[in-house]
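Here's the structure, in structure tokens; my notes come after.
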Amino acid sequence: MEGMVVAEPPVTPMAAAMQWVARIFAAALLMFLPGLGGQWLDEKFGTRFIGLAGLVLGVVGGMMYLIAATKSDARKQASKKRIEP
């Protein structure tokens with residue numbers, strides 16, 4: 001069994017689309033929620049910068065997540081092409 005490569009079952013186009021919908025929804029939440037939390041903290045403490053900092057950190061984090069997800073998918077597609085005859 002050692003050294004044996006097990007092929008993954010094929011992914012239907014609808015399943016691939018749903019995976020991307022889930023990734024994009026997660027990225028949107030990563031971008032939006034820190035700003036919303038920062039705004040809440042601004043109202044609680046009477047400041048004006050935490051919401052902006054949360055928004056900036058959220059956008060950066062969301063973009064990093066999307067880039068990582070895209071690279072991961074590209075690697076998976078490339079390895080799939082190498083395995084298939």
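Tell me which residues, restricted to the range 31-70, are of a type in the set (Gly, Ala, Ser) and either in contact with a helix residue (DSSP H, G or I) (Cβ under 8 Å, 6 or more places away or on another chain) or touching a residue at least 24 places away in the same chain (Cβ under 8 Å) (or both).
Just the residues of the range 31-70 that are of a type in the set (Gly, Ala, Ser), to begin with: 35, 37-38, 46, 51, 53-54, 58, 61-62, 68-69.
Within the range 31-70, GLY35, GLY37, GLY38, GLY51, ALA53, GLY54, GLY58, GLY61, GLY62, ALA69 qualify.
If only one of ARG75, ARG23 is closer than 30 Å to PRO13 by Cβ, touching a residue at least 24 places away in the same chain (Cβ under 8 Å) and not aromatic (Phe, Trp, Tyr), which one is it? Walk me through how you get there before you give the answer.
Values: ARG75 fails: touching a residue at least 24 places away in the same chain (Cβ under 8 Å).
The unique qualifying residue is ARG23.
Being exposed (fewer than 13 other Cβ atoms within 10 Å of the Cβ), in a helix (DSSP H, G or I) and of a type outside the set (Val, Ile, Thr) is the filter here; which residues of the range 37-71 pass it?
Matches in the range 37-71: GLU43, LYS44, PHE45, MET64, ALA68, LYS71.
No lab work stands behind these numbers, since they all come straight from the coordinates. Note that the structure is a prediction, hence the values are computed from the model and not measured. Virtual Cβ from ideal backbone geometry, glycine too; neighbours counted across all protein chains shown.
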